[in-house]
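Before any comments, here is the structure.
The values are calculated or read from the model by the stated rules, or taken from the named source; none is laboratory data. Keep in mind that what you see is a predicted model, and the values were worked out from it rather than measured. For neighbour counting, all protein chains shown are included, and Cβ atoms are generated from backbone atoms with ideal geometry for every residue, glycine included. In case anyone asks, the SASA skips ligands and DNA or RNA and just uses the protein heavy atoms, side chains included. Shrake-Rupley method; radii C 1.70, N 1.55, O 1.52, S 1.80 Å.
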Amino acid sequence: MIILSIESSCDETAAAVVSGREVLSSVVNTQIEEHKIYGGVVPEIASRRHSENISAVVDKAITDAGITYQDIDAVAVTHAPGLIGALLVGVNFAKGLAFSLGVPLIPVHHLRSHIAANYIAHPDLEPPFLCLLVSGGNTVLAEVTDYTSFNIIGATRDDAAGECFDKAARQMGLSYPGGVTLDKIATVSDPKKYPLPTPHLTGNEFDFSFSGLKTAVINTVHNAKQKGEEIDVPVLAATLREKVCEILKTKTFLAAEKYGYKKIVLAGGVSANSELRRVFNAECEKRGFNLYFPPLSLCGDNAAMVGAQAFYEYKKGNIADMSLNATATLPIDYNGKG
Ligand code: KG4
């Protein structure tokens, strides 16, 4: 089954052609350079660039795959969650294309597709497993009981891990996307020099909170400025990175114990973080667990992962009609119908 997939949930316009887990082509047009000068994604600019680029990106995906539009068996699209104006561009384009070709339209949840990046990279990976999904907008710990069935164990109550990295990095004067830059320049952590708080939450022990950490970094930078002191940015970056990764690790492995998982999957943009990979690798090795994460090329937003997830959504009967709309927020365990 040949699926043409489209992704436009944030600042990447992407299209891919996939057959099951096999990627025949994948085109990503990123807007990072344009948003860099604003220190973050400007939604209106993102929507405009998606509108301008989407036809050419889809055309290139078709050409690169060596197929024609007539070979497409279904069109898949990210419909939620994300920036509403950005999502609408992909959703409307996909609706028009599916209608004109007379093929099914498959709605794909953005976070489900981040998990599916692992299906492309690891042909042997099958649910059930425990997944830590860490991206710019979401931090979710979930049981993936089947390709389209999820049980949320914990989620962030405020900022996502990626957002915490991005905002803290901006305060440190690092360029957008902050998480990436922070990871590159971080050296050795020093919690004595830069003590950062460990969030303590009441209620669900598997929930996360990163806004306090973000604020602590902002205060550290402001206090230093007021005193005319220099911040050691590589050390502060490493201290924050270590703290965030420690929190993610502790909760994930506690959940693995409680729910009985020995197969751990990392997904989302922050799964590119070198420290996160290191600590999870070490912990899984110690416990004899299997760890999966996507290659760097599939950690960020792309449409290949949308196509891979779409295959399983289609098999489950999750097909949309022309009333499909974009949705800014939607939990990963929704019913899949769009
Ligand atoms: O999954 P993603 O591409 O977009 C969303 O769907 O949110 O994630 C983007 C996030 C950004 O916050 C970015 O700073 C972060 O992933 N990120 C990283 C790294 N690479 C990307 N954060 C920490 N370390 C990295 N190496």
(request) Select from the chain the helices, each a whole stretch of DSSP H, whose alpha-carbon atoms run 15 Å or more along the helix axis and whose Kyte-Doolittle mean is at least -0.5; answer none if there are none. (result) 43-65, 84-101, 110-121, 211-226, 233-259, 304-315
(message) Within 10 Å, Cβ to Cβ, of residue 16, how many net charges do the neighbouring residues add up to if Lys/Arg are +1 and Asp/Glu are -1?
(response) -2
(request) With a point put 7 Å past each Cα toward its Cβ, work out how far residue 218 is from residue 37 in nm, to one decimal. (result) 2.6
(message) Please compute the per residue accessible area over the range 256-338 with all protein chains in place, 1.4 Å probe, rounded to a whole number of Å².
(response) 46
(message) Below 14 angstrom from the Cβ of residue 190, what's the summed charge of the other residues (Lys, Arg +1; Asp, Glu -1)?
(response) +2
(request) Run the accessible area of the range 103-178 with a 1.4 Å probe and give the carbon-and-sulfur part as a rounded percent. (result) 45
(message) Considering only C-alpha atoms, what is the centroid distance from the range 95-141 to the range 226-241, in Å?
(response) 37
(request) Would you mind working out the accessible area per residue for the range 95-187, using a 1.4 Å probe, and quoting it in Å²? (result) 32
(request) Step through the table entries 36/225; 243/315; 36/214; 167/337; 167/192, compare each Cα-Cα distance with 31 Å, and write down the pairs that go over it. (result) 243/315; 167/337
(request) Excluding residue 135 itself, calculate the net charge of residues whose Cβ lies under 10 Å from the Cβ of residue 135, where each Lys or Arg counts +1 and each Asp or Glu counts -1. (result) -2
(request) Tell me what the chain gives for mean residue ellipticity at 222 nm when only DSSP H runs of n ≥ 4 count, each as -39,500 (n - 2.57), the sum divided by the residue total, rounded to 500 deg cm²/dmol. (result) -14000 deg cm²/dmol
(request) On the protein heavy atoms, probe 1.4 angstrom, tell me the percent of accessible surface of the range 194-338 carried by carbon and sulfur. (result) 50
